[in-house]
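Written below as C-alpha cells is the structure these notes are about.
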Amino acid sequence: MPTASSASRTRSPSRGAARISAELPGGAAAEAELEAVARLPRARERIGAAQARRIALAACGFGERRAEQPGFRRVSRVTERLGLVQIDSVNVLARAHLVPFFSRLGPYDTAHLDRLAYGGKRRRLFEYWGHEASLIRVELQPHLRWRMERARAGQGIYRGLAKLRAEQPAFIDAVLDEVRRAGPLAARDLADGGRGRGSWWGWSEGKRALEWLFWAGLLTTRTRRPGFDRVYDLPERVLPPEIVAAPTPEPAEAQRELLRTAARALGIATERDLRDYFRLTPEDGRTALAGLVEAGELMPVEVAGWSNPAYLDPNARFPRRIKAAALVSPFDPLMWERSRAERLFGFRYRIEIYTTAHKREHGYYVLPFLLGDRIAARLDLKADRQASRLLVLSQHLEPGTDPAEIRPPLERELGDMARWLGLAGTDWPKPALTRPALASPAQEL
C-alpha cells in the first residue's frame, strides 16, 4: 500500500535522475536514459475499499475536529480544499451552497461565506459554471476562460441561449452595453428585458441575454438579492485586479489544473469521477488525466471492488479512522457522482425532488447521515420556518446500522442544524410515519 512519503517520492523522478546522472559518464545522454526509465509504467498499487473510503472522506474535509465557533478562516479553508461548491435554488432546508460548510464545520456564520463570495474586489469566490452553477475559487477563473470562449462560439451551452445569440446578437450586445453604462443590474432592472415566458424557468429574453453573457464570461455575478436573484456586472468591476490581469493559460494546461483541483478534493477517484467534478468532456478529461499521470502528479492505483482503474492524489492522507457525524447535502461534492458514492459506501442514492410524491422511496429532500466512515441513515428534512421547527419527515437506517449507536450523534447533529437555521427545535416522526424502505420496524430510530 502506498504511503504519503512513497507517493511524494514518485512525483518528481526527474530530480533523482538528474542527481544520479551527474555521477555517471555520458552526462545528458545518461540523464535522458534515466528519465525514460522513470516514465515506464509501474505496477499499480492496490488499495483496500475501506482505506479508499477514508482517503476520500479526509480529502474533502470530513473527520476534522470542529471548532465551537468556526470563523472566517475555517470557512475559507473549506473552499480551498474543495475548489468549488454547487449552487442550487432549492431552499426547502437551506441553499445548496450553504450546507457543505455546515456538514464539515457545524454551525457557522453564513456571513463568512457571503464575504468570500460577494465581498467586493477582495472576494475569494466567483460564480460560474463549474460543476453546474457553482461558487468557485477566484484563482481558477483564468482556467475556465476556455469554457467561456467555447460558450461564445455556441459550444457547451444551453441550446436556447446559443439560439438567442445566433438570432438576436444586437439585442445581447445592447444588454451588455446597458450593464456597462448603468452598473450592476438584475434581469428585472433591464430597460427592455421583455416579459417572462412559461418555459426556461419563466426567463424573459433579457434574462436569457444576461445568462448568455454570464456563460460567455462577459458578465459575472456581483451579488445576490434577498430572493436569490443574480445581479450582473462586468468582471473587471467585480473580480480582484490580479485575477483580471492574470494571463490566460492554454486550454490543455487549464484543464489539467481543474483536474488537479478535483484530485485534491476527491483524494482517490476514477477518471469519470475526476472529469465530473468540473464537468469536463471525455476528450478533454482524458487528455488532461494522461498528462498528470505522466508527470507523476496522479498515481494509478487499483481499489478492491472497483471495476475501473483509480487515481490517487500523491499528497492524500491515509487516515486509520474517520471521526465524523454529519448530515450531507445531496449537492455535496461527496455525493455528486452517484456511482462513486455507491462504490465508496455501498450506498445507492437518487434525489427524488422531481419524482411524483407517491413514487418517492425515501422523500423529497433526503440527506445521508455520515457516522464515522459509513453512511448510517438517510433523512427527509424540511425547515418549517413559520413554525420554527426542523421537520424530520422520514427516516431510514442503512442495513446493519444499530439504532442505539446512531440516535445520540444524530440527535446532536439535528439540534445543531436547527440552531444554525434559526429554528426553535426538531420534530421527529412518529414510528408509524417511518417508511421502512431499507429498515425493518426493529431498526426504526
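Within the range 402-422, residues that are more than 18 Å from VAL366 (Cβ to Cβ) reach partners that are of a type in the set (Ser, Thr, Tyr) and open to solvent by less than 20 Å² (accessible area, probe 1.4 Å) with beta carbons closer than 8 Å, at six or more positions or on different chains, in the pairs TRP420/TYR108. Taken over the range 124-168, the residue count meeting the criterion of being within 23 Å of LEU259 (Cα to Cα) and outside any helix (DSSP H, G or I) is 18.
Check whether at least one residue in the range 286-297 is under 24 Å from GLY83 (Cα atoms), in contact with a Cys (Cβ under 9 Å, 6 or more places away or on another chain) and assigned to a loop (DSSP other than H, G, I, E, B), and report yes or no. No: zero hits. A single entry from PRO300, PRO282 fulfils the requirement of being in contact (Cβ under 8 Å) with a residue 60 or more places away in the chain, at negative phi and over 16 Å from the mean Cα position of the chain (by Cα): PRO300. May I ask you to verify whether ALA254 is outside any strand (DSSP E or B) and open to solvent by less than 10 Å² (accessible area, probe 1.4 Å)? So ALA254 fits the description; yes. Checked against (1) modelled with pLDDT of 95 or more; (2) surrounded by 14 or more Cβ atoms within 10 Å (Cβ to Cβ); (3) more than 18 Å from GLU149 (Cα to Cα), LEU219 passes all but a single condition, namely (3).
Tell me yes or no: at least one residue of the range 379-396 is in contact with a helix residue (DSSP H, G or I) (Cβ under 6 Å, 6 or more places away or on another chain), charged (D, E, K, R) and within 26 Å of GLU132 (Cβ to Cβ). No: the range 379-396 contains no residue that is in contact with a helix residue (DSSP H, G or I) (Cβ under 6 Å, 6 or more places away or on another chain), charged (D, E, K, R) and within 26 Å of GLU132 (Cβ to Cβ). Counting only residues that are open to solvent by 30 Å² or more (accessible area, probe 1.4 Å) and either assigned to a helix (DSSP H, G or I) or closer than 21 Å to PHE278 by Cα (or both), the range 169-193 holds 12 of them.
The residues of the range 274-283 that are surrounded by fewer than 22 Cβ atoms within 10 Å (Cβ to Cβ) and in a helix (DSSP H, G or I), listed by number, are ASP276, PRO282, GLU283. In summary, ARG320 fulfils each of the numbered conditions (1) in a loop (DSSP other than H, G, I, E, B); (2) more than 30 Å from PRO408 (Cβ to Cβ) with the single exception of condition (2). Could you tell me whether any residue of the range 127-139 is acidic (Asp, Glu) and touching a strand residue (DSSP E or B) at 6+ places or on another chain (Cβ under 6 Å)? Taking every residue of the range 127-139 in turn, at least one turns out to be acidic (Asp, Glu) and touching a strand residue (DSSP E or B) at 6+ places or on another chain (Cβ under 6 Å).
For the range 51-70, the set of residues classified as at pLDDT 95 or above and open to solvent by 40 Å² or more (accessible area, probe 1.4 Å) consists of ARG54 only.
Got a number for residues in the range 298-317 being over 19 Å from SER339 (Cβ atoms), open to solvent by 10 Å² or more (accessible area, probe 1.4 Å) and assigned to a loop (DSSP other than H, G, I, E, B)? Residues flagged as over 19 Å from SER339 (Cβ atoms), open to solvent by 10 Å² or more (accessible area, probe 1.4 Å) and assigned to a loop (DSSP other than H, G, I, E, B) within the range 298-317 amount to 3.
Okay, residues lined up against (1) surrounded by 21 or more Cβ atoms within 10 Å (Cβ to Cβ); (2) modelled with pLDDT of 95 or more; (3) over 13 Å from the mean Cα position of the chain (by Cα); (4) acidic (Asp, Glu):
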position: ARG95; (1), (2), (3), (4): no, no, yes, no
position: ARG104; (1), (2), (3), (4): yes, yes, yes, no
position: THR110; (1), (2), (3), (4): no, yes, yes, no
position: ASP114; (1), (2), (3), (4): no, yes, yes, yes
position: TYR118; (1), (2), (3), (4): no, yes, yes, no
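The single condition among (1) of a type in the set (Ser, Thr, Tyr); (2) under 21 Å from MET417 (Cα atoms); (3) buried (at least 19 other Cβ atoms within 10 Å of the Cβ) that TYR128 does not meet is (2).
When residues in the range 194-205 are screened for being of a type in the set (D, E, K, R), surrounded by fewer than 16 Cβ atoms within 10 Å (Cβ to Cβ) and either modelled with pLDDT of 95 or more or in a helix (DSSP H, G or I) (or both), 0 of them pass. Remark: pairs (first residue in the range 85-110, closer than 11 Å to LEU421 by Cβ; second residue open to solvent by 20 Å² or more (accessible area, probe 1.4 Å) and part of a loop (DSSP other than H, G, I, E, B); Cβ separation under 6 Å; 6+ apart in sequence or on different chains) = THR110/LEU98.
The values are calculated or read from the model by the stated rules, or taken from the named source; none is laboratory data. In this text the structure is predicted, and so the values were computed from the model without any measurement. Positions of Cβ are backbone-derived with ideal geometry, glycine not excepted, and every protein chain shown enters the neighbour counts. Areas reflect the complete protein model, heavy atoms only, side chains present, ligands, DNA and RNA absent. Shrake-Rupley method; radii C 1.70, N 1.55, O 1.52, S 1.80 Å.
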